[in-house]
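Notes follow once the structure below has been shown.
Bear in mind these aren't lab numbers, they're just calculated from the coordinates by the rules spelled out. Keep in mind the model is a prediction, meaning the values are calculated, not measured. Cβ placement follows ideal geometry from the backbone for every residue including glycine, while neighbour counts extend to all protein chains displayed.
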Amino acid sequence: MIETQSFFYPNRMGRIILSSMEEVMGRNGVHAILNLASLTSLLDNYPPDNSERSFPFTTISCMTDMLEQVYGPHGGRGLALRVGRACFNNGIRQYGTQMGITEMAFRLLPLPAKVSGGAKAFAELFNHFTDQKVRIEEDGNKLLWHIERCPLCWGRHAHEPVCHLAVGLLQEALYWLSGGKVFNVEEKTCIAAGDACCTIEIDQSPVY
């Protein structure tokens, strides 16, 4: 049996998630979530800005679960989407250069190449620097983002997909990559709901 604390994000990504939550909810909102989730050790004590893998999947899952418990499924989903978007904007400053997506040569590529290349670079980032496992699949005009080991729903049980933070992250990544276009991004399957993996479906053509 796998121990619940076996898988981790780097401290830097944990810090980005908490800082992004604070941007969206304010410090008091984050304090309330951390208190209710019995994560008081993180109160005004975010992880250090380093690449050591010490931020547990259980902590990430517990925080996202508590958002829905406190604000309800609809309110929690909306907050998680906003936190995900903020995570991208904060994370791009930390990881954009090493992913190669901030270079001018990449920015000048045609949109389909940017979407495909950006997704692959993003997946490699998670697969290399975290214990999260991501696999990309192209299916016609759809890009399928499969999270095979997911921190957002780790240990959770739900009737429907709950990895809203990842959806918000990908929405903002596509908005940024495309220079302000909006794409359909929807989680279709979720490990928390009994599926084999968390699959997020991305339309490769923008809505507008």
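Here the Kirkwood formula puts the hydrodynamic radius of the range 162-208 at 11.1 Å, using every distinct Cα pair. Take the Cα of H74, step 7 Å toward its Cβ, do the same at L111, and the gap between the two points is 3.2 nm.
For the range 154-159, backbone phi angles converted through the Karplus equation (6.51, -1.76, 1.60; θ = phi - 60°) give residue-by-residue couplings of 4, x, 8, 10, 8, 8 Hz, Gly and Pro being listed as x.
Just checking the listed ones, P110, P47, P56: in the Gaussian network model of the chain with Cα springs under 10 Å, the one fluctuating most is P110. Averaging the Cα positions of each part gives two centres, and for the range 61-95 and the range 180-207 these lie 16 Å apart.
Scanning residues 5 or more positions from F7 or on other chains, those with amide H under 5 Å from its amide H are F57, with H placed 1.01 Å from N in the peptide plane. Projecting label points 7 angstrom from Cα along Cα→Cβ for E103 and S38 puts them 4.8 nm apart. In terms of packing, defined here as the mean over residues of other Cβ atoms within 10 angstrom, the peptides 147-154, 39-46 line up highest first as 147-154, 39-46. Ranked by the mean number of other Cβ atoms within 10 Å of their residues, highest first, the peptides 160-173, 18-31 fall in the order 160-173, 18-31.
Computed from phi, the 3J(HN,Hα) profile of the range 134-145 under the Karplus parametrisation 6.51, -1.76, 1.60 (θ = phi - 60°) reads 10, 10, 9, 9, 9, 9, x, 8, 9, 10, 9, 9 Hz, with x in place of Gly and Pro.
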